[in-house]
Amino acid sequence: MWRRLGVLDWIRIGLLALGLVFVATGLLPWREATASLDEIGPLLVFLVGIIVLAELTKEAQVFDAIAARMAVLGRGNYVALFFLCTAFASFITIFLNLDTTAVLLTPVMLALAPRARIAALPLAMTTIWLANTASLLLPVSNLTNLLGINKIALDAQQFAGRMWAPQIVSIAVTMAFLWVFYWRRGQRRDLRYTPPVLEPVADRVLFAAAGAGCLLFIGALLLKVQVGAAASAAALVVVVAFFVRDRARLTWSLIPWQLLIFATGLFLVVPTLSRYGLADLMRWMIGVEGDPYRTAAVGAGLSNLINNLPAFQAIASVIPASDQDRLLSLLVGTNVGPVVTPWASLATLLWFESCRRHDVQVPMRRFLATGAGLAVVGMVTTVWALVAFG
């Protein structure tokens, strides 16, 4: 088991170990540690539920069937396929979390590429960019949203009411960059693609159960059910179906232990560092003027430097709960901005690993340059939409 651990796994384990050392040595008082872990408890429940739901939905071939039918619906027209793919990736990100798009939808799209004789890179870039930039609308769309939702003090519908305009703008800018730099004919070379032959799903019962589980989760969100309870109930429906029809697929690997360890360690390390100078540094960086653009820019820059989760946690800790505008601007920076470096978000790290397994070459200079352009333009225009309409 130890030999199968990758570099990222060891980093996550090391982060948790460091946090436990801080608690054991008294650098982080026990009361603050327990308060921090109480805050993250519902978040961890949601993570387990949504990842299990997404993994089993993929195993039931729901994503495969939708992707193949999109390619057929496009009828060989790249413009039609572009709009279908961006809409699908945005929908999955908004309702099933950005990690679902990066980890589970990416392999589906990459598997579709050879079947339809489509260049793989445009499909791959669609999933990773929209996994980040389409994650603003709901608290469940991104882990950073869930980290900040209690402090922001908005329910899911109120949150969407503030973020609908920024979300539309960020998706529109992302689509423009995708088309110009990856999808237009000069980049993909082909005039048309070959629609794939549709194949029947292996088990219609599992397919229907997984689809019902996803609809149950979305419906529960609209009814303002607590996100952890909604994800757990939806996952339970699909788990029961697999227990009856295909018990071998229910393995311990479904549990996202890497994310659980990383999130727990993060909630121990960042509060400790904030007690010993990090908070003062963050206050100096975002300034005292309350400028939403500066707050978003610091969030984006720090995300690309160290990862968006610790960046959000470190900056949010010094913004008063009453300053909703700056907290939402920070979410723009840490959601839309982390598209430059490979380690800027957890989703991007997992996406690179998926591309490697499918032998998809990602030109690094092109990735960095186009990502930097999207981060700057997307962040500025999205904050503008937040200020003007949010």
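The values are calculated or read from the model by the stated rules, or taken from the named source; none is laboratory data. Everything numeric here is computed off the predicted structure, so don't read it as measured data. Cβ sites come from the backbone with ideal geometry, for glycine too, and all protein chains shown count toward neighbours.
Scan L96, L43, L5, L56 and give me the residue that is modelled with pLDDT of 85 or more, at negative phi and not acidic (D, E). First the steps, then the outcome.
Numbers: L96 fails: modelled with pLDDT of 85 or more; L43 fails: modelled with pLDDT of 85 or more; L5 fails: modelled with pLDDT of 85 or more.
Selected residue: L56, the only one of L96, L43, L5, L56 that is modelled with pLDDT of 85 or more, at negative phi and not acidic (D, E).
Out of the residues in the range 173-210 meeting the condition of being small (G, A, S) and surrounded by fewer than 15 Cβ atoms within 10 Å (Cβ to Cβ), tell me which one is nearest to the chain's Cα centre (by Cα).
In this case the residue turns out to be A176.
Residue-wise test of (1) of a type outside the set (S, T, Y); (2) within 27 Å of A229 (Cβ to Cβ).
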position	(1), (2)
A68	yes, no
V72	yes, no
Y78	no, no
C85	yes, no
A89	yes, yes
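Note down all Cβ pairs under 9 Å where the first residue falls in the range 229-258 and is surrounded by fewer than 17 Cβ atoms within 10 Å (Cβ to Cβ), the second is part of a loop (DSSP other than H, G, I, E, B) and not small (G, A, S), and they're at least six residues apart or on different chains.
The qualifying pairs are A233/V225; F243/L250; R245/D203; D246/D203.
Can L273 be described as touching a residue at least 60 places away in the same chain (Cβ under 8 Å), farther than 19 Å from A102 by Cβ, in contact with a helix residue (DSSP H, G or I) (Cβ under 8 Å, 6 or more places away or on another chain) and not polar (S, T, N, Q)? Reasoning before the result, please.
On the way: touching a residue at least 60 places away in the same chain (Cβ under 8 Å): no; farther than 19 Å from A102 by Cβ: yes; in contact with a helix residue (DSSP H, G or I) (Cβ under 8 Å, 6 or more places away or on another chain): yes; not polar (S, T, N, Q): yes.
So L273 fails the test.
Sort out which residues of the range 364-390 are among the hydroxyl-bearing types (S, T, Y) and either in contact with a Ser or Thr (Cβ under 6 Å, 6 or more places away or on another chain) or buried (at least 20 other Cβ atoms within 10 Å of the Cβ) (or both), and write them in order of number.
T370, T382
Within the range 283-323, which residues are of a type outside the set (A, V, I, L, M) and either within 15 Å of L147 (Cβ to Cβ) or touching a Gly at 6+ places or on another chain (Cβ under 6 Å) (or both)?
Scanning the range 283-323 gives R294, G299, S303, N307, N308, P310, F312, Q313, S317.
A quick yes/no check of all residues on (1) under 15 Å from the mean Cα position of the chain (by Cα); (2) at pLDDT below 90; (3) more than 20 Å from N97 (Cα to Cα); (4) among the charged types (D, E, K, R):
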position	(1), (2), (3), (4)
R326	no, no, yes, yes
P342	yes, yes, no, no
S345	yes, yes, no, no
F352	yes, yes, no, no
R356	no, yes, yes, yes
A369	no, no, yes, no
T382	no, no, no, no
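What number of residues within the range 23-34 are in a helix (DSSP H, G or I) and surrounded by 13 or more Cβ atoms within 10 Å (Cβ to Cβ)?
3
Specify the residue that is nearest to A263 (Cα to Cα); the eligible residues are those in the range 274-318 that are surrounded by fewer than 20 Cβ atoms within 10 Å (Cβ to Cβ) and among the β-branched types (V, I, T).
Here the answer is I306.
Look through the range 328-344, keep the residues that are in a helix (DSSP H, G or I) and of a type in the set (S, T, Y), and return whichever of them is surrounded by the most Cβ atoms within 10 Å (Cβ to Cβ).
Out of the qualifying residues, it is T334.
Can A160 be described as surrounded by fewer than 15 Cβ atoms within 10 Å (Cβ to Cβ), in a helix (DSSP H, G or I) and small (G, A, S)? Before you say what the answer is, go through the steps one by one.
Details: surrounded by fewer than 15 Cβ atoms within 10 Å (Cβ to Cβ): no; in a helix (DSSP H, G or I): yes; small (G, A, S): yes.
In short, no.
Across the range 327-378, what is the total count of residues that are closer than 17 Å to L309 by Cα and not aromatic (F, W, Y)? Spell out how you get there, then give the answer.
Going through the range 327-378, the residues closer than 17 Å to L309 by Cα turn out to be 327-351, 375.
In the following step, the residues that additionally are not aromatic (F, W, Y) were identified as 327-342, 344-350, 375.
Going through the range 327-378 one residue at a time, the tally reaches 24.
Might you check whether a residue that is of a type outside the set (S, T, N, Q), part of a loop (DSSP other than H, G, I, E, B) and modelled with pLDDT under 90 occurs anywhere in the range 290-310?
Within the range 290-310, one or more residues are of a type outside the set (S, T, N, Q), part of a loop (DSSP other than H, G, I, E, B) and modelled with pLDDT under 90.
Can you list residue pairs whose Cβ atoms sit under 9 Å apart, with the first residue in the range 77-104 being under 20 Å from R184 (Cβ atoms) and the second being among the aromatic types (F, W, Y) and part of a loop (DSSP other than H, G, I, E, B)? Count only pairs 6 or more apart in sequence or on different chains.
Taking only residues 6 or more apart or on different chains, the pairs are N77/Y193; Y78/Y193; L81/Y193.
How many residues does the range 132-155 hold that are part of a loop (DSSP other than H, G, I, E, B) and within 12 Å of F95 (Cα to Cα)?
Initial filter on the range 132-155 (part of a loop (DSSP other than H, G, I, E, B)): 134-138, 142, 153-155.
This time we only want the ones that are within 12 Å of F95 (Cα to Cα), so: 134-138, 142.
Total satisfying the criteria: 6.
Six or more apart or on different chains, Cβ atoms under 6 Å: show the pairs whose first residue is in the range 180-206 and at pLDDT below 85 and whose second is part of a helix (DSSP H, G or I) and among the basic types (K, R).
P196/R115
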